[in-house]
Every structure is written in structure tokens, then in C-alpha cells.
Amino acid sequence: MNSFLNHVLRDHNKKPIVFDLFYKKNNIKKPIVIFCHGYKGFKDWGAWNLMGKEFALNNFFLLKFNFSHNGGTEQNPIDFPDLAAFGNNNFSHELDDLDRVLAYLNKKEISEEIDLDNITLIGHSRGGGSALIKASENPIIKRVITWAGVSDFKSRFNEGTSGFKKWKKKGVMYVENSRTKQMMPHFFQFYKDFKKNEERLNVQSAVENLKIPYLVVHGTNDQSVLPFEGENLFSWNKKNKMGRIKGADHVFSARHPWKSDELPNDLKKVIYISIDFINSY
């Protein structure tokens, strides 16, 4: 099994994207899986490396990456050394990053063992929303899967509340990262970008417009993105399929750091439900 970690994708006047590749070199064309992390997430969080290896062992080519403005850097892609970048992230940046990753797959130096006609996007949490929008826009994507995916962006801004008004007035608000204890900024540009692109960033419309197979995976004990959001995603398109992981939390029993060499059972279930779904189409 081959793993190539911390590659850097550079484009003129854009922040770099740091990414990893996992695959088994055996002269077989492989389906591509692109994994998108969530809010306050990163490609090396928890058990994501073990997840990449598990897909590779099952003859997939998996690419996972840090969104360019997630707060990581080339030198330190783990955690959030660049809080200014984190504060300047927005949904438009994430969708542009996905386009950059998809374009990279066409470069010949990546591997001769990838099947460019067989691309699946997987998004966790907020990354699920971005994956759904991109899947509705780009016909190169053949399947999409969300793991604990959000069903709505707008409600999370809490428009009209005193907290929202304070954010607008000050231009920045801070959210504590409970693990690192960093005070993570959100500049008001995030909301402005959303309003400017609100029609495009409607997750329900993206799901309703999907013409490709879509698998919703959600834990029944998710306290971060409540299970009703998964049920919403499932209900909005007749092509959808649903995988409910009984008792599972938002990260399917993984934690950061993940010190075991074994996947948590709930995440392993999620991976094999996803593999079966991809293989069935």
C-alpha cells in the first residue's frame, strides 16, 4: 500500500493546498475518492489516515486534503498555526479548492492507476455541504457521500440575534477550540460571501438537483449535526440512500489524536457502507 503525505498543490495568487494520497500499486485502474474535512477539521485529524489506508486496501485511490484556508500551513498542516487564514475562510474558497483538486487529478504525474471516470466525493460535517454543492455543479463527479453532513448553511449564522449584530459591528467573532484552547476568528467576510452567493450555497437545492447517486451516513447520537439534518438530506432526492449508524456520534467514535492502529468500530462501519455503495454503481 502506497501513501504519499503532505504534497502541496500550488496555483498563482492562491493559498496552497496540502494533500495526501493513498493507493495500492497493482496496475489496476482504481475508483477515486476525494475526502473533504469539516469545520475546525484537517486532513490528519483523528483516524483519517487509517481511513485513507482502509480505502487503499480495498483498491481505491483516496485523496484527502486541507482546505486552503482551514488554518493549516505547508510547514504545519496539523492544527491551526494560521488563524488569519482560518478567519478568512468561506464557502467560495472551499468550492474553489475542490475545483483545484479535481483539476489536479488530470495531471499525468499523479498515477496511471486512477479511473478519471469514477470519482466520488466524501464530505464530513460542513465539508459534506461543500461536497454536495460541488457534486451538483461538476459532472465529472459520479457519486457523493456525506458523513454527518450539514443540511443547511444559513441557519448557522443566527441572523438577527444579538450575537450576529455584535459580529457585524465588530467585524470579527471568536470561537474557542476546546482541544487547542485557541480563540479562532471568524471575520464578517464569511457572512458577506454567503449572502453574495446564497442561491448557489443552498444545500437543499443542491441535493434536489443531483442527478447522481448520493449516500447519507449519519450517527443516531450525533450531538453536533443533529440526526434530523441527515434525514433532511435523505428526503430531498429520490435517488438517495441512507446509512444510519446506531449510537454513533459526530465523529463515529474517533478522537484526536487517535493513538490506536485500529479504526474505531463505528468509523469502520461507515467506511464499508461507503465502499459497498460506491461498488454498487
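What residue, of Leu62, Leu83, is touching a residue at least 40 places away in the same chain (Cβ under 8 Å) and surrounded by fewer than 23 Cβ atoms within 10 Å (Cβ to Cβ)? Quick ask: steps written out before the conclusion?
Working: Leu62 fails: surrounded by fewer than 23 Cβ atoms within 10 Å (Cβ to Cβ).
Answer to the selection: Leu83.
Looking at the range 150-185, which of its residues are among the β-branched types (Val, Ile, Thr) and loosely packed, with under 11 Cβ neighbours inside 10 Å? Spell out how you get there, then give the answer.
If we filter the range 150-185 for residues that are among the β-branched types (Val, Ile, Thr), which is where we start, we get 150, 161, 172, 175, 180.
Across the range 150-185, the qualifying residue is only Thr161.
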**Fill in**
Among residues of the range 147-172 being charged (D, E, K, R) and part of a loop (DSSP other than H, G, I, E, B), the residue nearest to Ala84 (Cα to Cα) is Glu159
**Asked** Is it the case that the range 234-253 has a residue that's in contact with a Phe, Trp or Tyr (Cβ under 8 Å, 6 or more places away or on another chain) and assigned to a helix (DSSP H, G or I)?
**Response** no
**Unmet requirement for Lys195, which otherwise passes all of (1) over 17 Å from Asn90 (Cα atoms); (2) in a helix (DSSP H, G or I)** = (1)
**Request:** Taking the options Lys40, Lys30, name whichever one is basic (Lys, Arg) and touching a Phe, Trp or Tyr at 6+ places or on another chain (Cβ under 6 Å).
**Result:** Lys30
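Considering only helices (runs of 4 or more DSSP H) fully contained in the range 61-146, which possess at least 1 residues that are modelled with pLDDT of 95 or more, of a type in the set (Asp, Glu) and over 15 Å from the mean Cα position of the chain (by Cα)?
It comes to 126-137.
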**Asked** Are there any pairs with C-beta distances below 6 angstrom linking a residue in the range 236-264 that is crowded, with 18+ Cβ neighbours inside 10 Å to a residue that is in a loop (DSSP other than H, G, I, E, B) and of a type in the set (Ser, Thr, Tyr), with the two at least 6 apart or on different chains, and if so which?
**Response** His250/Ser224; Pro264/Ser253
**Prompt:** Within the group Phe19, Phe55, which residue is in contact with a strand residue (DSSP E or B) (Cβ under 7 Å, 6 or more places away or on another chain), in a strand (DSSP E or B) and at pLDDT 95 or above?
**Reply:** Phe19
**Asked** For the range 24-54, how many residues are over 21 Å from Arg100 (Cα atoms) and of a type in the set (Val, Ile, Thr)?
**Response** 1
**Message:** It is to be established whether one or more residues within the range 28-39 are of a type in the set (Lys, Arg) and under 22 Å from Thr180 (Cβ atoms).
**Reply:** no
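The values are calculated or read from the model by the stated rules, or taken from the named source; none is laboratory data. Owing to the predicted nature of the structure, the values given are computational and were not obtained by experimental measurement. Backbone-built Cβ (ideal geometry, glycine too); neighbour counts: all protein chains shown.
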